[in-house]
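Participant: Got a structure for you, questions after.
The values are calculated or read from the model by the stated rules, or taken from the named source; none is laboratory data. What you are looking at is a predicted structure, and each value in this text was computed from that prediction instead of being measured. We place every Cβ from the backbone using ideal geometry, glycine too, and count neighbours over all the protein chains shown. For the accessible areas, the whole protein counts, side chains as well, though only heavy atoms, and no ligand, DNA or RNA atoms are used. Shrake-Rupley method; radii C 1.70, N 1.55, O 1.52, S 1.80 Å.
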Amino acid sequence: MRNRRGIRSDRSRARRLPTAGLLAAVALVTAPRPSGAQAPPSPPRNLVAQAVSASRIDLTWEPGSDGSPPVSYNVYRDGTQAGSTTATSFQDTGLAAGTEYTYTVAAVDDKGREGKPSGQASATTLPDDTPPSTPAGLSATAVSGSRIDLAWLPSTDPESGVAEYRIYRNGSLAGSATSTSFQDTGLASSTEYEYRVSAVNGVGLESARSDPATARTLDGSPPSTPTGLTATAVSSSRIDLAWSPSADPESGVAEYRIYRNGSLRGTAAGTSFQDTGLAPFTEYEYRVSAVNGDGLESARSDPATARTPDSSPPSTPAGLTATAVSSSRIDLAWSPSNDPESGVVGYRIYRNGSLAGSATGTSFQDTGLAPFTQYEYRVSAVNGAELESTRSDPATARTLDGTPPTAPSSIDATPVSSSEVRVSW
């Protein structure tokens, strides 16, 4: 209960307060306002809310009649501050179509004090009767034999916003998306599809459909595996390959890939390939795969192998020596030859221009010869590819004489002196 001076009467509280405290409280309440102090701004008057579109409401009001002068106004929408302004009007945008909003406005003075709010004003945004803008920039990209990815630029709708996009495949609705991309799956392989996209706003209005975008799904199966692969060495540095063609009824065979010893060697548009720059007398293994128009690769063929021939004979043997050790035998020796490709597998020994024998080492015993006869020898080396070197420089030797002289006969001894005998035969 209050008395005439506006002081609340509370006998029970007065009984609890000391006398000095009670007198101080009364003095504070009844003290006069300091000279020159002003109250906060009074509430703005005549607030009006007017819907001008499906997403905008305009507010106007008049300043209050007393209190400190306002320097700005805070605008509240449904109890929450929606903005501020220094003018006596405000445009509230980004609203939902066909929705009622209630507003109040409070003035703020130069000390930052906010006065009491104005009376309420309500308005309902207009219904949205305009569809979103048409989606643009539609692209379609095939990523597999059963999937095409779509992307486009966002549409706009300032009234009720874009709620979703509808995707049309070959004229029929294929799905919807809330973002600007879509994965269309479960498609047939190697098939072309046409797409268009529309935008739908918050009240269900649909835009016109976009310009079309087309894509063909990839071929879902690789070509058949090449068969009949053959490898033929035609020189010490080249092997020719040939095989039967593969088949791919969807996207066709674009190329063949040739693998040598497990690594990709090259590609061919046809069913043959010349592999060059090879090492002599070396074996190579080949396999071939087929690749279709969508880049799918078949399994690799059964292997085919070939060895390049050795085109270089061994080096010529050197240091040949011939030594007669009896009337029917001459021993030969020489320095070894070399062949880095296929190696030295043996030596051929020529006596007086004719082949006399062969050896795997660097020595030879020539037997069964005529006594006291001179022989000339040369030696060549043979490699793993049966290539023969040139013959060595010659070496000669004469077999020993195998028959001793006849025994002397008609021996005659005649004394000549006491210390000398003359013998004759």
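Participant: Enumerate the calculated ³J(HN,Hα) couplings along region 109-118 in order (Karplus 6.51 cos²θ - 1.76 cosθ + 1.60, θ = phi - 60°), each rounded to whole Hz, writing x wherever the residue is Gly or Pro.
Facilitator: For region 109-118, the Karplus curve yields 8, 6, 9, x, 7, 9, x, 5, x, 6 Hz.
Participant: Would you mind checking which residues have amide H under 5 Å from A254's amide H? H placed 1.01 Å from N; only 5 or more apart, or other chain.
Facilitator: Here V291, N292, G293 satisfy the definition.
Participant: Hey, any idea what % of region 209-326's accessible area is carbon plus sulfur with a 1.4 Å probe?
Facilitator: About 46 percent, which is the carbon plus sulfur part of the accessible surface.
Participant: Hey, can you find the accessible area per residue of the chain for me, probe 1.4 Å, expressed in square angstrom?
Facilitator: Accessible area per residue: 56 Å².
Participant: Can you find, among A37, T93, P70, the residue farthest towards the positive end of the dipole of region 32-136? Put +1 on the C-beta of Lys and Arg, -1 on that of Asp and Glu.
Facilitator: A37
Participant: Please list the non-local residues whose amide H lies under 5 Å from the amide H of R45, H modeled 1.01 Å from N, same-chain partners needing a gap of 5 or more.
Facilitator: E62, G64
Participant: Could I ask something else about it? Hey, can you rank 133-146, 267-280, 239-252, 195-208 by average C-beta count inside 10 Å, highest first?
Facilitator: 195-208, 239-252, 133-146, 267-280
Participant: Which whole-number percent gives the relative contact order of the chain, counting Cα pairs below 8 Å spaced six or more residues apart?
Facilitator: Averaging sequence separation for qualifying contacts and normalising by length gives 8 percent for the chain.
Participant: Tell me which residues come under 5 Å, amide H to amide H, from E164 once H is placed; ignore anything under 5 positions away on its chain.
Facilitator: V200
Participant: Take the alpha carbon atoms of region 217-236, find their center, do the same for region 320-376, and report the distance between the two centers in whole angstrom.
Facilitator: Answer, in whole Å: 52.
Participant: Along region 376-389, what does the Karplus equation 6.51 cos²θ - 1.76 cosθ + 1.60 (θ = phi - 60°) give for ³J(HN,Hα), rounded to whole Hz, x for Gly and Pro?
Facilitator: Once θ is set to phi - 60°, the couplings for region 376-389 become 10, 10, 9, 10, 10, 10, 10, 9, x, 9, 6, 7, 9, 6 Hz.
Participant: Given 10 Å bins starting at zero, what is the percent of C-alpha pairs of region 356-425 in each, up to the one with the largest pair distance?
Facilitator: 14, 26, 17, 12, 11, 11, 7, 3, 0
Participant: Go through region 88-98 residue by residue and turn each phi into a ³J(HN,Hα) via Karplus (6.51, -1.76, 1.60, θ = phi - 60°); whole Hz please, and just put x for glycine and proline.
Facilitator: Here the 3J(HN,Hα) series is 9, 8, 7, 9, 9, 10, x, 8, 7, 5, x Hz.
Participant: If you don't mind, another one. Taking only C-alpha pairs under 8 Å that are 6+ residues apart, what is the relative contact order of region 280-425 in percent?
Facilitator: For region 280-425, the relative contact order is 22 percent.
Participant: In addition: Between region 137-160 and region 379-416, what's the alpha-carbon centroid distance in Å?
Facilitator: First find each Cα centre; the distance between them is then 101 Å.
Participant: Another one. Under a Cβ-only charge scheme (Lys and Arg +1, Asp and Glu -1), can you give me the dipole magnitude of the chain about the Cα centre, in debye to the nearest 20?
Facilitator: In total the dipole reaches around 3240 debye.
Participant: OK, next. Cβ under 10 Å from N352's Cβ, N352 left aside: what net charge do those residues give with Lys, Arg +1 and Asp, Glu -1?
Facilitator: +1
Participant: Compute the long axis of helix 19-30 from its Cα atoms, compare it with the longest principal axis of the Cα atoms of the chain, and write down the angle in degrees, 0 to 90, nearest 10.
Facilitator: Relative to the chain, helix 19-30 is tipped by roughly 90 degrees.
Participant: Here's something else I'd like to know. Applying a 10 Å radius around every beta-carbon, put 353-366, 401-414 in order of their mean neighbour count, most first.
Facilitator: Final packing ranking: 353-366, 401-414.
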